[in-house]
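Working notes for the structure below.
Please treat every number below as a calculation from the coordinates, not as lab data. The structure presented is a predicted model; accordingly, all values stated were derived computationally and were not measured. Glycine gets a Cβ as well: all are built from the backbone with ideal geometry, and neighbour counts include every protein chain shown.
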Ligand code: MN
């Protein structure tokens, strides 16, 4: 379900908005928010809820690993997009799960007319690193739904 109103989104965003995602803002177009769900040291797996304002998306990027790794997105509120390079964009809504293998160039974010949130789950592996690439241009983004 698309959510345009910020207060409606706050009510639907069960895992919380958190704070402006300022540490990664240079890798996003538009405003995003990060709410850590696990404390450092609690678990080898870190979970965070990431919220995107309408039109916000992250740059193309790759989750690298020499073994294992990758990322899982658990969509929690609103509607958004996931796109892997060379593939059509996939429409996402609350309840959808996206498995992103290590090494796949991709981006994820909100639809232009809806807030969106997903829990991001970094899959454990060896030699893990993130490579941030070019933004999704307005022309590319405008082609979507
Ligand atoms: Mn990713």
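Data overview
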| item | result |
| --- | --- |
| Spin-label model distance (nm) - residue 22 vs residue 38, 7 Å beyond Cα toward Cβ | 2.6 nm |
| Most fluctuating residue given options 35, 58, 49, as computed from a GNM of the chain linking Cα atoms under 10 Å | 35 |
| Within the stretch 81-103: backbone nitrogen closer than 16 Å to the residue 67 label point (7 Å, Cα to C-beta) | 102 |
| The chain: most fluctuating residue of 59, 130, 21 per GNM, C-alpha cutoff 10 Å | 130 |
| Highest-fluctuation residue, 102, 39, 94 considered, GNM on the chain with Cα pairs under 10 Å | 39 |
| Overall form of the stretch 36-145 per C-alpha gyration tensor (a/c, 1.5; a/b vs b/c) | oblate |
| Cα→Cβ-extended label distance, 7 Å offset, between residue 130 and residue 112, nm | 2.6 nm |
| Extension gain (nm, one decimal) between residue 144 and residue 11, 0.36 nm per residue minus Cα-Cα | 45.2 nm |
| Modelled FRET efficiency - R0 30 Å, residue 137 with residue 1, Cβ distances, 0.05 increments | 0.60 |
